[in-house]
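See below for the structure under consideration.
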Amino acid sequence: MKDERLGDRSTPLDLTPEEFAEIGHRLVDDLAALLGSLRDRPLGPDVTPDDVRTALDASAPIPEEGMDAAALMRDTTRMLIEHSLYNAHPRFFGYVTAGAAPIGVLADLLASGINPNVGGWALSPMASEIEDQTIRWISELVGFPGDGDGVLTSGGNVANMLGLYAARAARAGWDVRMHGLQSEDAATLRVYASTATHTWIQKAMDLSGMGCASIRWIEADVVERMNVGALRAAIDEDLEAGHRPFMVVATGGSVSTGAVDDLPAIRDLCDAYDVWMHVDGAYGAFAACAPNVPDELRAISAADSVALDPHKWMYAPLEAGCVLVRDPSALLAAFSYRPEYYYFQQDAKNYFERGVQNSRGFRALKVWMQLKQAGRSGYTRMISEDIELARRFFEFADAHPELETFGHALSITTYRYVPYDLRARVAETEVATYLNELNERIQARMEKGGDAFVSNAVLGEIYALRMCVVNFRTRLEDVEALVKISAELGRAEDATLRPYALRAPAAVKDGADE
């Protein structure tokens, strides 16, 4: 029996052009108002998980009937605005999460509207070419050779993992893709990483089947730089034991302290042992374009592969990671399969051959448009200013009688609150334990207060507060405010906590400055 409805089909997801325009215009107006009011609103709500679940009506079943699209967008926009943490706020100093550039926000809307599958060139002709140009521009910005290859990913974890798989295919010494991890001489593949390396390395070794026991952890110094002498000794030891070193992971800006490894020395060592050099620059690599960074960072240009995140120091909306490889065939050697049912042009770049995804969204558009809008000079200036703002905070905090600084590298400063009368006792075990608890409470209180947001770093036995500037909206007044907020919260928490957690100090000196 013929169904007449299919001749003039109407579906609950479709919108007329007029309806789409009306809903879209209101959404853009609401987002514009939000971005314009960030400086004057709290960083986020002081709510519990139960509060958020109640606002969402989280236990409700799937609706049987749908609702009006305009009302749905209004309600959802309000719900998100009222229950979100704003990493675009100028006083968000936590982690390495940047607020999204407005042109990037609009680019994501455009990318979703066109909705190309940037896996095969035939499915995404212009989008594929834009991604190719974006990768070359990123290479130029950070000083990496532009005749290599690369691919955009979801973020730093995946970008680093792709670098590891490229290294394994290139340096295993046998066809690891065909025969797996069993070599003819039963050699165990070894990767070398400092103790400051991000946890992506454990995930990668776990998922690859090589196992976390194949990681050789190399000691780092007090500022989290890899000990290159210890690295050399570890490689020699593994060679003597019959293992096969294939990759060294160097750090181009650690997430805790901003440390940069001695990349030139690591390059020389990798050349001597024929080992792949990978740089985890997810946070710091983009700073290679700035004049006020360590010279060692510019040596990412000598790496075999580099991971870096446009959604960090390029201020792109989430998600946008990237891996660059020096050898233009390295990603193909690690990932390319061409089954008969993939009929794609061979004279064009097909991104399904360069990573783990077949279906891929148009991540490149926001990065490309931001590079077009700001240019090399704009990014150099913004990143340099972020670094300078973190340095100025270090100076302000270092001069404050109740704050203790530990270090400043790239755009990260680590510090803690120390009551004035306890400064002479910080080496005492009881006081050190108390200060860790006190600063942990300061961080928690700051998160709930909505005036500023910091994360933490554990430096040896010290629980430190950590501020990081990757925000083009942050100004000098914001880092000055963080000094004041840290001290005020420190005094308040100390007054509450100390009577129950610490013996009275031997002497008290009044008159500490704000």
message: Quick check on my link table: of LYS312/LYS484; LYS349/LYS372; LYS312/LYS448; LYS372/LYS484, which ones sit more than 32 Å apart, alpha carbon to alpha carbon?
response: LYS372/LYS484
field: Neighbour net charge for ASN117 - beta-carbon separation under 15 angstrom, K R +1, D E -1
entry: +1
When the convex hull of its Cα atoms is projected in every direction, mean area for region 289-340 (nm²): 5.4 nm²
task: Just the number, please: Stokes-Einstein D of region 95-180 in µm²/s, Kirkwood Rh from C-alpha pairs, 37 °C, 0.692 mPa s.
output: 210 µm²/s
- request: Taking every Cα atom in region 157-239, find the radius of gyration and the maximum pairwise distance Dmax, and write them in Å.
  value: 13.3, 42
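Per DSSP helix of 4 or more residues, -39500 (n - 2.57); summed, then divided by the residues of the chain. What does that give at 222 nm, rounded to the nearest 500?
Rounded to the nearest 500, it is -14000 deg cm²/dmol.
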Per residue accessible area of region 260-395, 1.4 Å probe, in Å²: 39 Å²
- prompt: Which percentage, to the nearest 5, of the DSSP beta bridges contained in the chain is antiparallel?
  reply: 60 percent
message: Rg/Rh for the chain to two decimals, with Rh computed the Kirkwood way over all alpha-carbon pairs.
response: 1.01
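By per-residue mean of other Cβ atoms within 10 Å, what is the highest-first order of 489-497, 257-265, 305-313? Don't jump to the answer; show the numbers that get you there.
Details: 489-497: 17.6, 257-265: 24.0, 305-313: 29.9.
The packing order, highest mean first, is 305-313, 257-265, 489-497.
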- request: Would you tally the net charge around ASP30, using a Cβ to Cβ cut-off of less than 9 Å, leaving ASP30 out, and scoring K and R as +1, D and E as -1?
  value: +2
query: Taking amide H positions as placed 1.01 Å from N in the peptide plane, with prolines and chain starts having none, which residues 5 or more places from ILE218, or on another chain, fall under 5 Å of its amide H?
result: ALA193, SER194, THR195
query: Of HIS408, HIS89, which has the most accessible area and how do the rest follow, probe 1.4 Å?
result: HIS408, HIS89
field: Rg/Rh ratio calculated on Cα atoms of region 171-306 (Kirkwood radius)
entry: 0.97
query: In the calculated pair distance distribution of region 55-145, what percentage of Cα-Cα distances lie above 19 Å?
result: 67 percent
task: Putting +1 on Lys and Arg Cβ atoms and -1 on Asp and Glu Cβ atoms, find which of SER359, PRO63, VAL142 reaches farthest to the positive end of the dipole of the chain.
output: VAL142
- prompt: For region 312-319, what does the Karplus curve 6.51 cos²θ - 1.76 cosθ + 1.60, with θ = phi - 60°, yield as ³J(HN,Hα) per residue in whole Hz, taken in order and with x for Gly and Pro?
  reply: 9, 8, 10, 6, 7, x, 4, 10
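So what is the orientation-averaged projected area of region 367-488, using the convex hull of its C-alpha atoms, in nm²?
Averaged projected area of region 367-488's Cα convex hull equals 8.3 nm².
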statement: Those chymotrypsin sites (Phe, Trp or Tyr not before Pro) from region 184-221 that are DSSP loop and have at most 11 other Cβ neighbours within 10 Å turn out to be none
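The values are calculated or read from the model by the stated rules, or taken from the named source; none is laboratory data. Since we're looking at a predicted model, the values are computed, not measured. Please note: Cβ atoms are built from the backbone with ideal geometry, for glycine as well, and neighbour counts cover all protein chains shown. Remember, those area values only see protein heavy atoms, side chains included, never the ligands or the DNA or RNA. Shrake-Rupley method; radii C 1.70, N 1.55, O 1.52, S 1.80 Å.
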